[in-house]
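A short write-up of the structure that comes next.
Coordinate-derived values only; no laboratory data. These figures come from a predicted structure and were not determined experimentally. Note that each Cβ is placed from the backbone with ideal geometry, even for glycine, and that neighbours are counted across all protein chains shown.
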Amino acid sequence: MSDYFAEALWGVPVLAIVRGLKPASAVAAAEHCWRAGIPLVEVSLSGEHAMTALEAVCRRGRELGHAAGAGTVLTADQVAAATEAGAAFAVAPGLDPDTVAAAQGLDLPYLPGVATPSEVQNALALECRTLKLFPASALGTDWLRSLAGPFPEARFVAVGGVDVRNASAWMEAGAVGIGVGSALEEAALPELVAAVAR
């Protein structure tokens, strides 16, 4: 379970974040991402239509053979709801032991958010190896390099303010992937994928 994200992001290390869209629009956005070669699409649970959008994207993902998951998963109840909706994985902005345990209990790959050395250390103690560095743009690539020193076993997906202009810098700093939300423009997806694909 701890290797799910690192393995899924190996070829095209991009996690697409779909937020605030109605189901049909969320499905269309996810399809654009999958066509561009992006392996993982996350539907944020924040917003009025979040759960129905998640269900629709997960259903379409299963039909097409692509992975879709839930984002902004903050509680054990949300882990259960995301699993019921068909999520293949879950992502959070922060680190909560009870939520990690709930995901582990359901064998649901879970990407918790971290920003500090203490949070990284706590995440590793909870057997989370791939972590969401958030908010990445506020922390900077040097912060990622600094965290990698004392925690060589940790892998980081940089999320928050990452776009086609700085994506390659995050990969060069040692990230195993990037998460892109507000910068998800269909026309820019090929350039984004080309910038980071291995």
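Key figures
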read-out	value
The range 162-178 - phi-based ³J(HN,Hα) in whole Hz, Karplus 6.51/-1.76/1.60, Gly and Pro as x	8, 8, 4, 6, 10, 4, 5, 5, 5, 5, 5, 6, x, 5, 8, x, 10
Extension gain, R59 back to S137 (0.36 nm per residue minus Cα-Cα distance, nm)	24.8 nm
Placed amide H near L131: partners under 5 Å, 5+ positions off or other chain	R155, F156, V157
Stretch gain in nm, segment D77-A101, where the contour uses 0.36 nm per residue and the Cα spacing is subtracted	7.5 nm
Mean Cβ neighbour count within 10 Å, used as a protection proxy, ranking 148-156, 76-84, 89-97 highest first	89-97, 76-84, 148-156
Gain in span if fully extended, A188 to S168, counting 0.36 nm per residue against the direct Cα distance	5.8 nm
DSSP-defined antiparallel bridges as percent of all bridges, the range 4-196, nearest 5	0
Relative contact order (%) - criterion: Cα under 8 Å, at least six apart; region: the chain	22
